[in-house]
Amino acid sequence: MDEMAPIVIGYDGSDFADEALRKGLWLASKVGAPARIVRAWSISNAPRPRTWTPGYVPPVEDFAEAVLEQLTAQTRARLAEYPDVEVTFQVPHGAAGRELIKASEGAQVVVVGTRGLGGFSGLLLGSVSDQVVEHAHCDVLVIRRASGDQAPPRTLKLDQAIQPD
């Protein structure tokens with residue numbers, strides 16, 4: 001394993017991802033490795049680009065830029081706690097599990113949270129974490145939240161729409 005290979009950190013903005021980011025940056029700091037923060041996205045979960053107007057669908061590059069801007073803003077405070085860690089961002093367009101598995105090639109370790117923003121209430125390990133554990137090209141560190149329910153009720157609108165009244 002290349003000592004300068006990056007520590008890949010999956011980040012989707014969830015509380016679980018923030019714990020993974022904190023622990024991944026801590027690990028990178030301890031071993032002197034760079035960190036690569038990865039957020040995979042699709043049109044349905046990307047923030048609206050600045051070029052968006054009613055009746056106009058911006059090009060995929062505009063969505064990628066909006067995702068990168070959101071990612072850097074969401075991680076800025078946590079990154080400030082680890083100024084010694086060299087950090088790069090990657091925002092591939094695609095399914096999170098598949099893109100994190102690709103990002104694992106040549107990495108020292110992939111760090112992910114147990115759950116993310118999607119999924120069903122009550123699962124202890126989300127589908128993305130499960131895919132990465134099963135198929136990554138390197139070791140995987142799955143981070144639980146420091147406290148609180150490890151499988152809290154989901155808050156996405158889709159989950160609210162399919163829950164019985």
Sequence of TRP26, TRP41 once ranked by neighbouring C-beta atoms within 10 Å, starting from the fewest: TRP26, TRP41
Under-5 Å amide H pairs with SER104, H placed in peptide plane, nonlocal only: HIS137
Extension gain from ARG98 to SER42, taking 0.36 nm per residue of separation minus the Cα-Cα distance: 18.9 nm
Hydrodynamic radius (Kirkwood) for the range 1-103, which is based on Cα pairs only, to one decimal in Å: 14.4 Å
Spacing of the two label points (7 Å from each Cα toward its C-beta) at ASP84 and ASP62, in nm: 4.4 nm
Cβ-based exposure ranking for ASP18, ASP62, ASP12, ASP139, in which fewest neighbours within 10 Å come first: ASP139, ASP62, ASP18, ASP12
Near-label residues of the range 63-78 by backbone N, under 20 Å of a point 7 Å along Cα→Cβ of THR51: 63-72
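Every number in this text was worked out from the coordinates using simple rules, so none of it is lab data. Note that the coordinates shown come from a computational prediction; the quantities given were computed from them, not determined experimentally. Every residue, glycine as well, gets a Cβ built from its backbone with ideal geometry; the counts of neighbours run over all protein chains shown.
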